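Please read the structure below before turning to the comments.
The values are calculated or read from the model by the stated rules, or taken from the named source; none is laboratory data. No experiment lies behind these values; they were computed from the predicted model shown. Heads up, the Cβs are rebuilt from the backbone with ideal geometry, glycines too, and the neighbour counts pull from every protein chain shown.
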Amino acid sequence: MVEIQEHPDSTIIKLTPNRSATWRETKVAIGIMVALVMTIALGWAAVGAWVILPFAGLEVGLFAYFMYRICRQGFNQQVVTITKEFVLIESGIMRREVARTYDRNQLSFEVTETERDWHLPDIIMCLGLYRFSIGEFLNKDDRVKLKDALQNNGLPLSRTHWWKD
């Protein structure tokens, strides 16, 4: 998701991935899975197949771990602040973990596209030999919004397929 806030002296672009579930909904899904699997496992253990218990525990443990990791990545965000002098890029999960300030006059952005749009376009910030990808977690429509927002703020932007609209 791309949120753009225009201010008189700056533009703030907040980039967040689209989330299919909140943390609360994820915990409910984990709870339902644990209850279902453990009910079945305890039923089998009651009739003598106790060997199933460690595997059921491993299954629900891995399920809970991966659901947590996926949900946590959904809270990843980048904030791009553009002013007349600099561009500030902040990124992190649920809070600012990395913040870098760049001189606006030395930056350029590159949009790499593939033939027949087989892959999502990448938006890469270039500063000399340093290259940094922004908005990696965005879908195609949001990447187009980000590209347009950067272009509308007067940042130099080059495209690999400049002849396409």
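For beta carbons closer than 6 Å, sequence separation of 6+ or different chains, a first residue in the stretch 142-161 that is modelled with pLDDT under 90 and a second that is surrounded by 13 or more Cβ atoms within 10 Å (Cβ to Cβ) and part of a loop (DSSP other than H, G, I, E, B), the qualifying pairs are R143/P121; R143/G135; T160/E113; H161/E113. In this structure, E85 does satisfy being more than 25 Å from the chain's Cα centre (by Cα), surrounded by fewer than 15 Cβ atoms within 10 Å (Cβ to Cβ) and either among the polar types (S, T, N, Q) or within 30 Å of S158 (Cβ to Cβ) (or both). The residue of the stretch 99-115 that is farthest from L157 (Cα to Cα), among those that are part of a strand (DSSP E or B), among the β-branched types (V, I, T) and modelled with pLDDT under 90, is T112.
Of all residue pairs spaced 6 or more apart or on separate chains, those with beta-carbon atoms under 9 Å, a first member in the stretch 111-133 that is in the same structural domain as I13 (by TED's automatic domain parsing) and on the phi < 0 side of the Ramachandran plot and a second member that is part of a helix (DSSP H, G or I) and loosely packed, with under 15 Cβ neighbours inside 10 Å are L120/K140; P121/K140; L127/Q106.
Cβ separations smaller than 9 Å between residues 6+ apart or across chains give the following pairs from the stretch 42-65 residues that are free of Cβ contacts under 8 Å to residues at least 12 places away in the same chain and surrounded by 11 or more Cβ atoms within 10 Å (Cβ to Cβ) to residues that are β-branched (V, I, T) and assigned to a loop (DSSP other than H, G, I, E, B): W44/V51; A45/V51.
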